[in-house]
Amino acid sequence: MGRGFFLGNELMAYAAKAAGASSFYAYPGTPSSEILSSFQKYAPERYAQWALNEKLALELAAAAAISGSVSACAMKQVGLNVAADPLFSVAYTGVSGALAIISADDPGPHSSQTEQDSRMYAYAAKIPVTDPANPADAFRLTKKAFEISKKYGVPVMVRPVMRVCHSRQSFDLPEETEAPRHGRFVKDPSRWAATPKHRAALHIKLTEKLKEIAEDFYSELEIKPKAPFAVVACGYPAAVCADMKDRFEGSADFIKLDMPYPIPEGLISKIENSYEKILVLEETFPLLERSFVTRNRVYGKDTGTVPSAGEFTADSCENALNLFMEKKPENKKIYAPAETAPGPKPRLCAGCGHRSAFFAIKRAAPSGIYPGDIGCYTLGTNLKAVDTCICMGASITFAESLKRENPEKPVICTIGDSTFFHTGIPALLNAKINGSPIAVAILDNATTAMTGFQPVPHAEGHITIEQTLKGLGINSVTVIDPYDIKASVAAVKAAIAAAKEENCPAVVIFRRECVTKTKMKAGKPPKVNPGCTDCGMCYEVFECPAITFNGETVEIDGASCNGCLCCVEVCPRGVIAEDK
Amino acid sequence: MRCVICGRGGQGVITLNYLLGNLASALGYETISAETHGMAMRGGSVYTTLKIGKAMSASIGAGEADLLLSTDSGEVERCLRFLSEKGVIITDGFYEGGPFEIINVDAGKAAAGKFGGVMHAGAILLGKTIARFPEIFHPEKSVRILAQNKKLNQQALLFGLGSDL
């Protein structure tokens, strides 16, 4: 394969191939999404699946590993919340092949609803977790995770952060990879179908294994104090800190720990006894920091030396080192203005069907409550058509409960097609059997757009959304093209009425393929006639990125406009018109 | 060499980072970069970082960058804090300010007018960067390496490099 400039996600996928993984399961989520597609690229002959959600992905990989195969699954940190149930159980049963669970965190957060630390799940579920610092490290520590899993029969987590997943690094791919390992299921009800009685025994075994794994992993690490202080780091902060070694060389030793859990007790006390004080750098929870017992000599998040929230950066590292070493900050000349105006907000693409669907929903029910969901269409907040955004699938449950609490208001929730299949289905069934009169707008763009256009089940031809709705007992279903705003408004109004009439959710499917995926041009850009009063409807309220105001009138950028002509309907003065 | 590459989502910032990083890697340097995906892609402000030479991370602190490369002059100011006072700014459009060496390039206009579309502005900026740092990128060698990239507009690249090659 040779040398290249590889993404962390690519190298983790390649490590899975190199370790003999015969199957890989995932649900897309930034920053983890490219892992499965890279596995498909590097090992096209092996099995890869986009599962409907992370719980399924983890269970599918776990079953393969219980059947003696080498398997892996990947997800983003909030996806691990969805997969937590099997995670805790499979920690006890273990596996007979090998199982690596890659859970990618998003400190910042850049593209997530939380900056939670997946390592805390490893800690809570009692499974080992490796914490890579950069892409090359991610290759090594993913391979290591498979090795530990094979040797000890426990699932092992790999926890990269966004800066590892979405960093690229020059790297020589090793030629040698293991052949895919397939196993056969061997019945052992005391493990694979363990009742509570067996579970206690499994728990004891797991605890013993963790001690062995910790000793084994760190058997070659020697602590040889040369300086009075120590900087102990793991994961991405270790990489940032390593690049600043010159700032503390001589005063503090640098110790990089690759597996924050489990850690041998002896190692912790050795570090504590060897240094006057210790700075711990890690993201995002002080997991390693709290492994230390002598708290008054340990600095980190709990002492405020390192910020407790937000992403670890070169600047926060320098600041932490200065505080720890009691050094004055260097006087750097910075020519940037103290404050810059906030940059342009992310917004829906020009011609995106979601925009006109949101516009129609608001026009149909201006006093409504609009629970939203996770995806590109969370950007409906800009259009004031998303009032809540909690987690995958919560738009429908929130709609059900908000309607019960606010019966006088129409409640219209929006959910994307991929999210509907992810966790929307049980939520909609729950609303149905509990007689909830809500309108549900399914925004069907035939792809998982936000994360890079991963496939969705109905676009692959396996099932239709309509078939699913029929099975859920939803009778009022309208399919509409959101480019037809008038018809869309009518459809939403009709759905609100039908829901009320039948005491049952009514669904409008807004169907329009993702314009960015298909690079679709619907037609010619419209023309702008005289008479614009700068009401801002098209470029501010409707927020079309192809439209700007030039001081006199609006301008439509022919290159980015896709000719959807929705602005013709949106313009209250008829200034924007079809260019026939 | 420490670079910050910025612009707006959709302008090809990540692609430019990849092209420059991949080139440095192919030239034999240890190279590491950091990208931002997801939400930021949808038209928001975006910046990426790149370190050419031995480094464990692509993280760049205030006042540390040697180059600020921008696909949008309106985004330069937001990333200025990274730039060292001896730093160089190469930007599409026009920017002035600070003690920096500034190379303004009408890359978008040139790309649209001469090379078939604004999407080739990145190739022009890439050419300018190679030309400005010949001791790092060895222009003739870089051109040979980049010639293998069939998606890259070679004319736009050569235009950015200047006419002497």
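Here the helices (runs of 4 or more DSSP H) wholly within region A:83-163 that include at least 2 residues being open to solvent by less than 30 Å² (accessible area, probe 1.4 Å) and touching a Lys or Arg at 6+ places or on another chain (Cβ under 6 Å) are A:84-93. Scanning region A:1-37 for residues that are part of a helix (DSSP H, G or I), within 14 Å of another protein chain (Cβ to nearest Cβ) and open to solvent by less than 10 Å² (accessible area, probe 1.4 Å) yields A:G8, A:N9, A:L11, A:I35. Here is the figure for region B:1-55: residues that are over 18 Å from A:G108 (Cβ atoms), within 12 Å of the chain's Cα centre (by Cα) and among the hydroxyl-bearing types (S, T, Y) total 2. When region B:1-15 is limited to residues that are in contact with a Ser or Thr (Cβ under 7 Å, 6 or more places away or on another chain) and assigned to a helix (DSSP H, G or I), the one that is farthest from the other protein chains (Cβ to nearest Cβ) turns out to be B:V13.
Within region A:525-546, residues that are in contact (Cβ under 8 Å) with a residue 24 or more places away in the chain and open to solvent by less than 50 Å² (accessible area, probe 1.4 Å) have Cβ atoms under 8 Å from residues that are among the charged types (D, E, K, R) and assigned to a helix (DSSP H, G or I) in these pairs: A:F542/A:R355; A:E543/A:R355; A:C544/A:R355, counting only partners at least 6 apart in sequence or on another chain.
One line per residue, one yes/no per condition, for (1) of a type outside the set (A, V, I, L, M); (2) in contact with a strand residue (DSSP E or B) (Cβ under 9 Å, 6 or more places away or on another chain); (3) under 26 Å from A:A91 (Cβ atoms); (4) open to solvent by 10 Å² or more (accessible area, probe 1.4 Å):
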site	(1), (2), (3), (4)
A:E249	yes, no, no, yes
A:F254	yes, yes, no, yes
A:S269	yes, no, no, yes
A:F285	yes, no, yes, yes
A:L288	no, yes, yes, no
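Screening region A:290-308 for residues that are small (G, A, S) and open to solvent by less than 70 Å² (accessible area, probe 1.4 Å) and picking the one that is nearest to A:C241 (Cα to Cα) gives A:G300. Looking at the structure I just gave you, is A:K209 of a type in the set (K, R) and loosely packed, with under 15 Cβ neighbours inside 10 Å? Taking the combined requirement at face value, the residue does not satisfy it. Taking the criterion of being in a loop (DSSP other than H, G, I, E, B) and surrounded by fewer than 14 Cβ atoms within 10 Å (Cβ to Cβ), the residues of region A:498-522 that qualify are A:N503, A:K519, A:K521. Within region A:186-219, the set of residues being of a type in the set (V, I, T) and within 30 Å of A:L267 (Cα to Cα) comprises A:I204, A:T207, A:I213.
Might you check whether a residue that is within 14 Å of chain B (Cβ to nearest Cβ), open to solvent by 10 Å² or more (accessible area, probe 1.4 Å) and under 23 Å from A:V158 (Cα atoms) occurs anywhere in region A:230-238? Looking through region A:230-238, at least one residue is within 14 Å of chain B (Cβ to nearest Cβ), open to solvent by 10 Å² or more (accessible area, probe 1.4 Å) and under 23 Å from A:V158 (Cα atoms). If you filter region A:164-179 down to residues that are outside any strand (DSSP E or B) and buried (at least 18 other Cβ atoms within 10 Å of the Cβ), you find that the one that is farthest from the other protein chains (Cβ to nearest Cβ) is A:T177.
For region A:317-354, the candidate set comprises residues that are open to solvent by less than 20 Å² (accessible area, probe 1.4 Å) and either facing chain B (nearest Cβ under 8 Å) or more than 28 Å from B:Y95 (Cβ to Cβ) (or both); within that set, the residue that is farthest from the chain's Cα centre (by Cα) is A:F324.
Suppose the filter is open to solvent by 20 Å² or more (accessible area, probe 1.4 Å), within 9 Å of chain A (Cβ to nearest Cβ) and in contact with a Phe, Trp or Tyr (Cβ under 6 Å, 6 or more places away or on another chain); does B:G98 pass it? In short, yes.
Residues of region B:114-151 that are farther than 27 Å from B:K51 by Cβ and within 13 Å of chain A (Cβ to nearest Cβ): B:G116, B:G117, B:V118.
Pairs meeting the criteria (first residue in region A:504-524 and small (G, A, S), second residue in a helix (DSSP H, G or I) and open to solvent by 10 Å² or more (accessible area, probe 1.4 Å), beta carbons under 7 Å, at least 6 apart or on different chains) are A:A506/A:A498. Taking region B:55-82, which residues are within 7 Å of chain A (Cβ to nearest Cβ) and among the aliphatic types (A, V, I, L, M)? Passing the criteria: B:A55, B:M56, B:A58, B:I60, B:A62, B:L80.
When restricted to residues that are open to solvent by 50 Å² or more (accessible area, probe 1.4 Å), touching a strand residue (DSSP E or B) at 6+ places or on another chain (Cβ under 9 Å) and in a helix (DSSP H, G or I), region A:363-400 contains 2. Scanning region B:19-58 for residues that are of a type in the set (S, T, Y), part of a loop (DSSP other than H, G, I, E, B) and at pLDDT below 95 yields one hit, B:T36.
Being buried (at least 16 other Cβ atoms within 10 Å of the Cβ) and closer than 20 Å to B:D72 by Cβ is a description that does not apply to B:G117.
The values are calculated or read from the model by the stated rules, or taken from the named source; none is laboratory data. Remember, predicted model here, so these are calculated numbers, not experimental data. No Cβ is skipped: glycine too gets one built from the backbone with ideal geometry, and neighbour counts run over all protein chains shown. Remember, those area values only see protein heavy atoms, side chains included, never the ligands or the DNA or RNA. Shrake-Rupley method; radii C 1.70, N 1.55, O 1.52, S 1.80 Å.
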